[in-house]
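In what follows, a single structure is set out as structure tokens and then discussed.
Values quoted throughout were computed directly from the atomic coordinates according to the rules given, and no laboratory measurement underlies them. Bear in mind that the values here come from a model prediction, so they are computed numbers and not experimental data. Ideal geometry is used to build each Cβ from the backbone, glycine not excepted, and the neighbour counts take in all protein chains shown.
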């Protein structure tokens, strides 16, 4: 009997089903955030007697994002040491178990701890799934799945917002949506059967790689802009329930439905960016931050619930345009050999903004006299950013090319 050496065995080839599985597992991080957003007012009401309950309930929502921002680099080291598949399976299992615990937990501090564990699991899931996409696919196929990963997450998040609101109307109240986390267990058999541990020769770059210095300054400035955009991006998903409550809406189902409509602006903005990718980057930035400012202004100046949803939709569309624009621009500034660090900077800034957004809004609200007034100040900040980009554009400074051209003229590998 002839035994083939590992080098002689034909390499496994990933197909669409592998791409969909990896992409769908990344939805767990976005689903985990918005699923409980519609029921936060109920949770805050039930824990009104707990000191700092208003801040703690927001931390329940966003602490997973902080865990992702802090521990994704560590996960990368663990992946190199222990392999991808075993950690992938363990992370999804931990996500499912820790995710449902708040249904039974009675202490708000214990719920925060369980959510922190979920964040650690999400850090592993997102990092490993993205690494496997890079291992299994190459060229345009790799770019396709990485792009779809971000674009599809916003659509799923909008749907989960409505699901969370509907489940919050059931007898168990705000605890019911946490049971949905247990559905992650369904991923385990598919991962066990379909995912394999990639070898060193799973993907081969034939072009000689020239080691280029990493553009820390340029990517660092982009990451700061991504952090600002991410803080604004999460205003609508996190605060829409509280904004509608300020307008007299209290039913969780209606909060979820209104939130779903508002968050639908995110994929609309992403689609608009895709269609306008040949436009100059500076023009798209002005439009994106202009839409954010306009949406926040409508929320702050109009008293009706319908106007609040409309303004939130506009702001979400601006955010949905800004984040993929900045992410694509960041990756276009480096060769593929450096795209891991650039992606890490983008993801770290994005999830750090996820964590900071509600804390910043809460701080501004205390200074300004309320949530609606805080949104007005956010409108001023976004308008100032749009004006600053416009001034740089008129002065012929800053990015004048398009994202499409930047992708075509991407720094060569060798």
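Order of 163, 126 from fewest to most other C-beta atoms within 10 Å?
If I rank by nearby Cβ atoms, fewest first, I get 163, 126.
With each pseudo-label sitting 7 Å past Cα toward Cβ, what's the residue 116-residue 188 distance in nm, one decimal?
With each label point 7 Å from Cα toward Cβ, the separation is 2.5 nm.
Taking neighbour counts of Cβ atoms within 10 Å as a proxy for exposure, in what order, fewest first, do 333, 44 appear? Before the final figure, lay out each step's value.
Details: 333 18, 44 21.
Arranged by neighbour count, lowest to highest, 333, 44 become 333, 44.
Spin-label point model (7 Å from Cα, Cβ direction): what's the residue 107 to residue 224 distance in nm?
Each label point lies 7 Å from its Cα, and together they span 4.2 nm.
For region 235-391, what's the relative contact order in percent, using C-alpha pairs closer than 8 Å and at least 6 residues apart? Provide the component values of the computation, followed by the final result.
Values: 198 pairs, mean separation 49.5, N = 157.
Worked out over region 235-391, it gives 32 percent.
Output the Kirkwood hydrodynamic radius of region 70-137, Cα pairs only, in Å rounded to one decimal. Let's see the in-between values first.
Working: mean 1/r = 0.0794 Å⁻¹.
For region 70-137, inverting the mean 1/r across all distinct Cα pairs yields 12.6 Å.
What order, most packed first, do the peptides 251-261, 383-393, 229-239, 49-59 have when packing is the mean number of other Cβ atoms within 10 Å of each residue? Write down the numbers at each step before the final one.
Numbers: 251-261: 22.1, 383-393: 16.8, 229-239: 26.6, 49-59: 15.3.
Per-residue Cβ counts within 10 Å, averaged per peptide and sorted highest first, yield 229-239, 251-261, 383-393, 49-59.
Between residue 53 and residue 250, with labels modelled 7 Å along Cα→Cβ, what's the label distance in nm to one decimal, could you check?
Modelled inter-label distance: 1.5 nm.
Quote to one decimal, in nm, the extra length available between residue 196 and residue 391 on full extension: 0.36 nm per residue of separation minus the C-alpha distance between them. Intermediate values should be presented prior to the final figure.
Numbers: separation 195, 0.36 × 195 = 70.20 nm, distance 5.12 nm.
Once the chain is fully extended between residue 196 and residue 391, it gains 65.1 nm.
What length, rounded to one decimal in nm, is gained on full extension from residue 155 through to residue 216, with 0.36 nm per residue of separation minus their alpha-carbon distance?
Numbers: separation 61, 0.36 × 61 = 21.96 nm, distance 3.24 nm.
Residue separation times 0.36 nm, minus the Cα-Cα distance, leaves 18.7 nm.
Would you mind calculating the gained length between residue 366 and residue 70 on full extension (0.36 nm times residue separation, minus the Cα-Cα distance), in nm to one decimal?
Working: separation 296, 0.36 × 296 = 106.56 nm, distance 2.75 nm.
Between residue 366 and residue 70, full extension yields 103.8 nm more.
To two decimal places, what compactness ratio does region 15-201 give when its Cα radius of gyration is scaled by 2.2 N^0.38 Å?
Values: Rg = 17.0 Å, N = 187, 2.2 N^0.38 = 16.1 Å.
Rounded to two decimals, the normalised Rg is 1.06.
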